[in-house]
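K.L.:
The structure is given below, and queries will be raised subsequently.
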Amino acid sequence: MKFDSKLLALCVFGPNLLGASAFLVKGPQKTVSQLKSSPVGQGVGQGIGQGAGSATGSITKKSNEATTIWDEATPVTVQGGSLKTWSFPNPVMERCHVALRTEGRPLDADLELWQGPDNTPMKMRVYVEDGGLRPFGAIIETPRGPNTVAVRNIGQLEFPMETIVSVDDGSFTSTANFQADSKPMTIQGGALRTYPFSPVVESVAVCLTTDGRPLNTRIELLQGPNNIKQVMEVYTEDGLDRPFFAVIETPGSGNVVRVVNTATVEFPLTASVEPYVVSDDAASMAPIIGGDKEGSIIDRVW
């Protein structure tokens, strides 16, 4: 019996003939020069870089045009105390991008995902002290449509906000690839974890999942002792089917992200909190909190 030489080589060496790059999943980039060219980037924080089109790891390259989601889509103004809905009847859509901002006033909103009559598989409460300095952006999973995203401005009439809800066209970074590139940590029910960040970190990506159980959590951005700048309270009936992914703006210094699992001990969650945009043009003469830098003492002028 004769065997073809190519078939024999494939049987002996297996996938090594294809090269290691055939199985490499590329994670999100984390430098300003690469991220600011992303169309998602400055809408959900500052940028997402070269993201993956789906959870299977297929990479979609973006154009080099420095555009943002606020330039590509027309925002809808939601007045204080009013409700706006965005319906997606096409069941093919798997996720959408929600972006909220104000002109510098506080942002207080309720976000809900509706799927069928009296079925709300995901709820979110968002408060931001300054919606212009720290715009809110998140990816909402919408499997098995049709789905409707409802945004309610629960602030007063004097605090309107601009809202964009757009379909994921395949250029966003999936939660699966983000977790593959990060270091997830398990947070038991009733426990909390804090993540301090350097002043050069301009935004932080937060991804929360479970093993299929409900997800109840509170995410806070602190800048100084007991100085809360942003709060997100999230509920998802299935943290595996609908994970939570958002990018939090962290301008200035002393930023700490705190993740609290508000569920009982039977419902742990997995958290991935990583720097998303890191400034690559930080001034070398900028003041350093603490006074020391790389082992040397910085002279002070009194």
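A short reminder: the numbers here are calculations on the coordinates, not readings from a lab. Here the structure is a predicted model, which means the values were calculated and not measured. For neighbour counting, all protein chains shown are included, and Cβ atoms are generated from backbone atoms with ideal geometry for every residue, glycine included.
K.L.:
What is the set of long-range amide H partners of Leu240 at a cut-off below 5 Å, with H atoms built 1.01 Å from backbone N?
P.N.:
Here the answer is Thr210, Gly212, Arg213, since their amide H atoms fall under 5 Å of that of Leu240.
K.L.:
Can you list residues whose amide H is under 5 Å from Thr250's amide H, if they're 5+ apart or on another chain and H is modeled 1.01 Å from N?
P.N.:
Counting only residues 5 or more places away or on other chains, the set is Ser203, Val204.
K.L.:
Show me, for region 97-112, the HN-Hα J-couplings you get by feeding each phi into the Karplus relation (A = 6.51, B = -1.76, C = 1.60, θ = phi - 60°), rounded to Hz, glycine and proline as x.
P.N.:
10, 10, 10, 10, 7, 10, 8, x, 8, x, 10, 9, 9, 10, 10, 9
K.L.:
Something else now. Could you please rank Phe136, Phe197, Phe88, placing first whichever residue has the fewest other Cβ atoms within 10 Å of its Cβ?
P.N.:
Taking fewest neighbouring Cβ atoms as first place, the list is Phe88, Phe197, Phe136.
K.L.:
Once the Cβ-Cβ distance between Asn119 and Gln156 is put in as r, and R0 is 51 Å, what FRET efficiency do you end up with, to the nearest 0.05?
P.N.:
Efficiency at R0 = 51 Å is approximately 0.95.
K.L.:
Between Ser166 and Glu103, how many nm apart are label points set 7 Å from Cα along the C-beta direction?
P.N.:
2.3 nm
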